[in-house]
1. Please pick out the residue among A:ALA110, A:ALA61, A:ALA38, A:ALA46 that is more than 16 Å from ligand 2 (Cβ to nearest atom), out of contact with any Cys (no Cβ under 8 Å at 6 or more places or on another chain) and within 30 Å of A:PHE14 (Cα to Cα).
2. Which residues, taken from the range A:102-113, are surrounded by fewer than 21 Cβ atoms within 10 Å (Cβ to Cβ) and either more than 8 Å from chain B (Cβ to nearest Cβ) or touching a His at 6+ places or on another chain (Cβ under 8 Å) (or both)?
3. Within the range A:3-19, is even one residue within 22 Å of A:VAL208 (Cβ to Cβ), within 16 Å of ligand 2 (Cβ to nearest atom) and within 14 Å of chain B (Cβ to nearest Cβ)?
4. Just checking, which of B:PHE243, B:PHE265 is more than 14 Å from every other protein chain (Cβ to nearest Cβ), open to solvent by 60 Å² or more (accessible area, probe 1.4 Å), within 24 Å of B:MET28 (Cβ to Cβ) and free of Cβ contacts under 8 Å to residues at least 12 places away in the same chain?
5. Within the range B:305-318, is even one residue of a type in the set (Gly, Ala, Ser) and either closer than 19 Å to B:PRO29 by Cβ or touching a His at 6+ places or on another chain (Cβ under 7 Å) (or both)?
6. Any idea which residue in the range A:153-181 is farthest from A:VAL78 (Cα to Cα), counting only those that are among the aliphatic types (A, V, I, L, M) and open to solvent by less than 70 Å² (accessible area, probe 1.4 Å)?
7. Does B:ILE319 count as touching a Pro at 6+ places or on another chain (Cβ under 9 Å) and either assigned by TED's automatic domain parsing to the domain that holds B:PRO295 or free of Cβ contacts under 8 Å to residues at least 24 places away in the same chain (or both)?
8. Here is a list of conditions, (1) away from chain B (no Cβ under 14 Å); (2) away from ligand 2 (no atom under 16 Å from the Cβ), and A:SER116 meets all of them except one; can you say which number that is?
Amino acid sequence: MDKAVITNKLTKKFGDFVATNEITFDVAQGEIFGFLGANGAGKTTAIRMLCGLLKPTSGDARIAGFDVYRQTEQIKQVIGYMSQKFSLYEDLTVRENIRFYGGIYGLNRADLKAKSDQIIEQLNLGSVADKLVASLPLGWKQRLAFSVALVHNPRIVFLDEPTGGVDPITRRQFWDMIYEAADRGTTIFVTTHYMDEAEYCNRVSIMVDGRIKALDTPSGLKRSFGTDSMDGVFQILARGTSTK
Amino acid sequence: MNRFFAFVRKEFYHIQRDRRTVLILFGMPLVMVILFGFALTNEIKNAQIAVLDFDHGQHSQRIIDRLLSSGYFRLRQSLTSYRDIEATFRQGHVKLVVVFPPNFTNDYAHDGLAQVQLLADASEQNTAISLTNYATSIIQSYNNEQNPPNAASPLQISVEPRMVFNPDLKGAFVFVPGVMAMVLLLVSALMTSVTIAREKETGTMEVLLVSPLSQLQILFGKVLPYLLLSFLNGCIIIALGIFLLGIPLNGSLLLLLAETLLFIFLSLSLGLLISTIAETQLVAMFASLLLMLMPTIFLSGFIFPIESMPRALQFISQIIPARYFIDIVKGIMIKGVGLGYLWKETLVLVSMSALLMGISLHNLKPRLE
Ligand SMILES: Nc1ncnc2c1ncn2[C@@H]1O[C@H](COP(=O)(O)OP(=O)(O)OP(=O)(O)O)[C@@H](O)[C@H]1O
Ligand SMILES: [Mg+2]
């Protein structure tokens, strides 16, 4: 299987409300895949189905070749997940958080030690390694959360709005980390509201009201919508629905 | 297994970092027991007594007057036969019965030796001991006054204190088992349900569910630290009860600890059940307080005796687990009975635990999807 994610008409309904409506796409191994959409478009719902947290109403999806209905245990082994809500423990220190997540993924003592040292060094957190996560600035927390999501070297990592609420420079640093991970072969599945970040992705899908309205490389999208920015593409798609 | 321990260690970090929790955990039983100590000393003033006077002589009458004017005792009832004693204690107001045998005055005046019996309600051993001590010293000081100084053969009143077993064990002894039931419930059920709700609220629960930890591992990882803490707490309360308040431990300590574990397990099952329903810490907290703590305080017989409740409430009290636990603790500590007597209550607790645990595990299933 060389596709990291394949979906076919994946649908989730909450009662009568269709949160994701027959979405079909695939993501290649090692790709940085941008998953865009306005608030409430259904991005988180889709990610939760792909991670095995939500049972789809209909349709199919495979993660690294594993079926999301029947092979959730295998899927768990190969994915990392950074939820839209904050996914570290504020009342644990930096080091304790790393050791905890490493621990529940079954890393042994020596690996845990090496991993913690490596992450702390990489993120330059040496001076705050034994401070509670609550005391860190948001940008640092997000980068730490990302490193922690990668602690078990997953093949695919799902990032649900990983850079919400921080300044452009901090976001740039975050994306440097994403590129490093992608260079090591990790597939990145990332949602964002920032159009500049969409430019960094290999391919981008844009969701509107539960449906995928466009899916291409950033340059391809700009060409076919006849604008020179991702923002322009997004505006056209979003306006299209609001005036309907 | 290492994964599981990584999880349990994290739970201990949470507990340790949350000062308030630690304070509540270990401060509460202490405060309650100390408050109880105060309640006890208040109770000794104006304790209600009954008198069974077969003598009706001048000495018995004077001793009764002395007792009643001492400020410690108030006469509630004059009895006429031994048979009344048990009924009197059963009502729970009278703590001490003073018995003068026939010919008390005669024996005292002629033989120089007479006997008084003091029967105390043993269900409140501390009170009972203090009351018999006060009464004895009042009687002895009366005796001393009757003796001329340096008499060759002094008059004697022998006081024979006896603890009378109160089959209903109302009153203060209910308090310690009650506190124990409450603290265990609070720690086990409230705290587990709140910490699980907290993970849901902050979003970390999703990350846990995406990890290879199974749902059972997550649950038992949540439960285990509180099981240990609750058990430690239970032991502290038992120790305080025995060494500070002088509650006897007439039965088996091992059985007592085993029953305590059973009750903790039950409370944890309740906590799990609540956490399967509650999405936020606030809801978990209110559910725990309203559904468990309030009924436990008011319906378990801990504060209000079950016998004096309206029928409907008496009926409801049968589904309050603490009620059975309180009976078991009293049974073991005070009556000194074993499983042979307590099997019914134990069985009720076991069935309740199994039921609750079953429902919570069943409820949990869909959350994985
Ligand atoms: N458990 C649920 N029950 C009912 N409706 C839900 C549930 N979860 C999500 N929804 C609804 O589904 C829609 C899509 O939600 P989702 O969280 O997937 O959007 P999103 O694209 O991630 O938005 P955002 O950018 O705000 O995170 C929203 O209208 C939301 O209210
Ligand atoms: Mg979302």
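The values are calculated or read from the model by the stated rules, or taken from the named source; none is laboratory data. Bear in mind the structure is a predicted one, so any value in this text is a computation, not a measurement. Note: ideal-geometry Cβ built from the backbone for every residue, glycine included; neighbour counts use all protein chains shown. Please note that ligands, DNA and RNA were not included when accessible areas were found on the heavy atoms of the full protein model with its side chains. Shrake-Rupley method; radii C 1.70, N 1.55, O 1.52, S 1.80 Å.
1. It is A:ALA61.
2. Residues satisfying the conditions are A:GLY106, A:ARG109, A:ALA110, A:ASP111, A:LYS113.
3. yes
4. Of B:PHE243, B:PHE265, the one residue that is more than 14 Å from every other protein chain (Cβ to nearest Cβ), open to solvent by 60 Å² or more (accessible area, probe 1.4 Å), within 24 Å of B:MET28 (Cβ to Cβ) and free of Cβ contacts under 8 Å to residues at least 12 places away in the same chain is B:PHE243.
5. Within the range B:305-318 (the criterion being of a type in the set (Gly, Ala, Ser) and either closer than 19 Å to B:PRO29 by Cβ or touching a His at 6+ places or on another chain (Cβ under 7 Å) (or both)), the answer is no, since none of the residues qualifies.
6. Ranking the candidates gives A:VAL166 first.
7. Yes; evaluated as a whole, the condition is true for this residue.
8. Failing condition for A:SER116: (1).
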